Structure formats: C-alpha cells, structure tokens
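Everything below concerns the one structure shown next.
The values are calculated or read from the model by the stated rules, or taken from the named source; none is laboratory data. Here the structure is a predicted model, which is why all the values come from computation and not from measurement. Please note: Cβ atoms are built from the backbone with ideal geometry, for glycine as well, and neighbour counts cover all protein chains shown.
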Amino acid sequence: MKKLWGGRFQKSPEQWVDEFGASIDFDQKLVQEDIQGSLAHVKMLAKCGILEEKDADKIIEGLQILQQKAEKNELSFSAAYEDIHLNLEKLLIDEIGPIGGKLHTGRSRNDQVATDMHLYLRNHVEVILSGIEELQDALLQKAEENVETVLPGYTHLQRAQPISLAHHLLAYFWMLQRDKERMKESLKRINVSPLGSGALAGTTFPIDRHYSAELLGFEGIYENSLDGVSDRDFILEFLSHSSILMMHLSRFCEELILWCSEEFKFIELDDTYATGSSMMPQKKNPDMAELIRGKTGRTYGNLFSLLTIMKGLPLAYNKDLQEDKEGMFDTVETVEGSLKIFSGMTATLKVNKAKMGQSVKEDFSNATELADYLAKKGMPFREAHEVVGKLVYQCIEKSIYLSSLDFEEYQKASPLFEKDLYEALDPYQAVSRRISDGGTGFGKVKEALQKASALIQTAK
C-alpha cells in the first residue's frame, strides 16, 4: 500500500511494523477536531490566495461529507495510514479525487495534531467544568438539608470536635471551587493555536495564522513555531489539575466508604451506586466510591507518564509525542465519569442524623469545650488543657463520659467549674458557639451556604 509520505522510500514496512507505529486505534477520537482544523486551514488557504476558490470549495465539500459520516460512525480507518490525519486525507482523496491532496499545503502533521489536541481539551475542559458545578450543586443541596446535623469531626481519624455536617460537606465544595478555578485558568494555555507552525519552522507560503486561529475560536497563536509543535505543557497542566481534582474526590470517597460501614452507619448510599456480593447475601458494597478512589491512581499515572516522556525530548517534534494522547483521553473519560457518578451518589445518599447525633454524645469530642470554658474564666489555656485531660482520664477509668461525671469531681478539679458546665458539654451547643469566620457554627455555616450559592449562580 502506497504511503502518503513514501516518495523517498524504496521499501514499505511490514504489517506488524505499521501496526506498532500506528496511532489510529486511539487518535481516531480526534476525528471531529481534525476535520474542524482542516476546514479552518483550507478556508485560510483560499483567503490568502494559496488555493483557488473552486479547489477550496471542493475540499470543503469533501470535508463536510466526511464530517457527516463521522457523526454517523460511517468512516473506516486503517493502521496502514498510521493516524487520524493521514486516514482522513486518504478518505478525502477517495471522496473528491487528487485535489484533496492540496489540503496539506502549508501544514504538517506536527502542527495538525497539536491543533487537534488543543481543540479536544478545550471542549472537554468545558464539560468537566459543568460536571464540577453539578457536583457542587449536589453538595449545596445536601448541606442545606443538614446545617444543624451534628457529627464528630476527626483528626488522625480520631474523634476531635463535634461539627455541622453541612460544614463538612462545604469543605469539599471549596476544594471543588479551586479545582474549577484551576481548570478555567488552564483554558488560557489551551485556547492557543499552533496551526501554521508547520513541521517546526513555519512555511514559505503566505498563510494567515491569525485568521485560522480566529476561525477555530482560539484567542491567539503560538509565537514560536518550534514551541508550537513541541509544547505539551497544556496537557500536563490539565493532567495535573485533574490529578488534584481526583485526589479531592478520592478523599471524599474514603469518608463515604467509612461512613456507610456497619461501624459508622452515618449514611446509606442509594442502591444505584452500590453492588452486592455473589456469595454473601447481606452485603451492600460502595463499589462506585471505591472505583473513583481507585481510578485516582490511573490519573496520577497518566500525569507521570507524560512528564517522563517529555523530560528528555529535544526540540521539536519526536515520535515519542504519539504517547501523549492515550493518557489524556483516559484522564478526560475518567474525570468526566467520576464527576457524573459522584453527583448522583451525593444527591441520593441518605443521612442517618440520629446515629451521627448519638456518636457525639458517646465520646470525648466535647473536651475542648471544657478547656475553653475554663480559659474564658481566666485560667491559662495550657493549664485548662491539663485539668480537662485529667478529667478525661478519670472518666475513662470509670467507663463514663464527661457529661456523666459528678459535679463534685469537677469542683475538685477546679473551683472555676459551675453547674453551667453541663450546658457547655452539649454537642449541639458546642457547635453553635463556633462563631469565628469559616467555622462550624450554624450561623456561620448559613453564611457560607449563601456565599457558595452566590458563586454557583454567578457561574451560571
């Protein structure tokens, strides 16, 4: 089979060599972007007088036919033509004749593939941004329902202080807000056109790169042709931001997995997002949360894979860069799927308010309240910390909690204790008294909900 680049070669590679070097199995995902870029390129060639109008019109007509066939999954690709670019060029020539070969005037596959990936990521970052906002909406709704739902807050996975469940959920809202801001910021680097950079040095044809960039909706062009064909920073940045996003989702998944266990019973996941056991009839496994947690690892792997590929590449294009696509495609699919699953999982989970409330009454997460109580009466906090620590130990020895300790024991520990200490120990009161900005107090949580809702409304 004749290669579109084969003029200088006397031998054709064997089939297995073709298959090893081909990327069509995965880069066919770029079919629409490749056609979109080609349409802009041929229109630019006609505008600049490099192609006659009748030739350009014929090529545009052929590309539009291929575009329609692609939408219907009617195009067939071959490893013999290596990649999406040569496959489409061959299909175009088959469709309209040799005139289709004029499409590649003033262009290289090097700037062509870079353009395709910029277009692809731009489209999918917008989808991911919508997915983040959908999850933020689900979190806000669940938080609004649980402002005064109290549960233990943890440090070191040990009960620390009682908090509002809404406050806990909003922590993830703000993580996602940063993820959204990072993704939006990355569009500045994604929305730049490498088209017209050629193989590495530009072209002798009087092309208008700004015009083709405008047709494709890019905000500018690469100012250096070497950089234009060899830059993959925009993909690395996307993979990095995606890894942080998936890390946030994974952390939340870990908590949901714990919370729906028999040991916690804080929540129940909807059946849609759980599976059973083939052996144990009673099981309800949080598989979707576990999968998102697991898929975070492959997202990290895609980032490190491309970093490793790039670290030793001289300018400009090298075949190694063919390996930049599969990880990008995989991360896009992983992030989009994870966000969709997580939104549904969050919106439908049931909160066991009674169990959460019971938990904060059967622990020592209110110990800080006693220390603060003494500090407000003038005792140095470090001294108050020691007094309460001894009281906690005394309770542990008696297998009781602070709220069950006799008032006489408190007065022995410090004459500053009065009977209102039991009010201070109430978990609900402990949460409501947290009045610092950004804290878990119910009033402050309501303020945070208003700010979060305003952010979402502004984005829409």
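Worth a mention:
- When Thr368, Thr334 are checked against the criterion of being surrounded by 15 or more Cβ atoms within 10 Å (Cβ to Cβ) and either closer than 30 Å to Lys295 by Cα or assigned by TED's automatic domain parsing to the domain that holds Arg159 (or both), a single residue qualifies: Thr334.
- In the range 166-202, of all residues being within 13 Å of the chain's Cα centre (by Cα), aliphatic (A, V, I, L, M) and within 15 Å of Leu455 (Cα to Cα), the one that is surrounded by the most Cβ atoms within 10 Å (Cβ to Cβ) corresponds to Leu176.
- Within the range 152-165, the set of residues being under 13 Å from Ser359 (Cβ atoms), in contact (Cβ under 8 Å) with a residue 40 or more places away in the chain and more than 24 Å from the chain's Cα centre (by Cα) comprises Pro152, Gly153, Arg159, Ala160, Gln161, Pro162, Ile163.
- Leading residue by the ranking (nearest to Asp420 (Cα to Cα)) among those in the range 373-383 that are in a helix (DSSP H, G or I) and free of Cβ contacts under 8 Å to residues at least 24 places away in the same chain: Lys376
- Breaking point among (1) farther than 30 Å from Tyr428 by Cβ; (2) assigned to a loop (DSSP other than H, G, I, E, B); (3) of a type outside the set (Ser, Thr, Tyr), for Asp324: (2)
- The listed residues are Lys265, Lys350, Lys319, Lys340, and the only one of them that is surrounded by fewer than 16 Cβ atoms within 10 Å (Cβ to Cβ) and in contact with a Gly (Cβ under 7 Å, 6 or more places away or on another chain) turns out to be Lys340.
- Subset of the range 210-257 that is in contact with a strand residue (DSSP E or B) (Cβ under 8 Å, 6 or more places away or on another chain), crowded, with 19+ Cβ neighbours inside 10 Å and small (Gly, Ala, Ser) - its residue that is farthest from Glu33 (Cα to Cα): Gly228
- Cβ pairs under 7 Å, 6+ apart, first in the range 56-78 and outside any helix (DSSP H, G or I), second surrounded by fewer than 17 Cβ atoms within 10 Å (Cβ to Cβ) and of a type outside the set (Gly, Ala, Ser): Leu75/Lys69; Phe77/Gln28
- Among the residues making up the range 419-447, a single one is closer than 15 Å to Val388 by Cβ and surrounded by fewer than 17 Cβ atoms within 10 Å (Cβ to Cβ): Tyr422.
- Within the range 397-418, considering residues that are among the aromatic types (Phe, Trp, Tyr) and not in a loop (DSSP other than H, G, I, E, B), the one surrounded by the fewest Cβ atoms within 10 Å (Cβ to Cβ): Phe407
- Scanning the range 39-91 for residues that are among the small types (Gly, Ala, Ser) and over 17 Å from Phe205 (Cα atoms) returns Gly62, Ala70, Ser76, Ser78, Ala79, Ala80.
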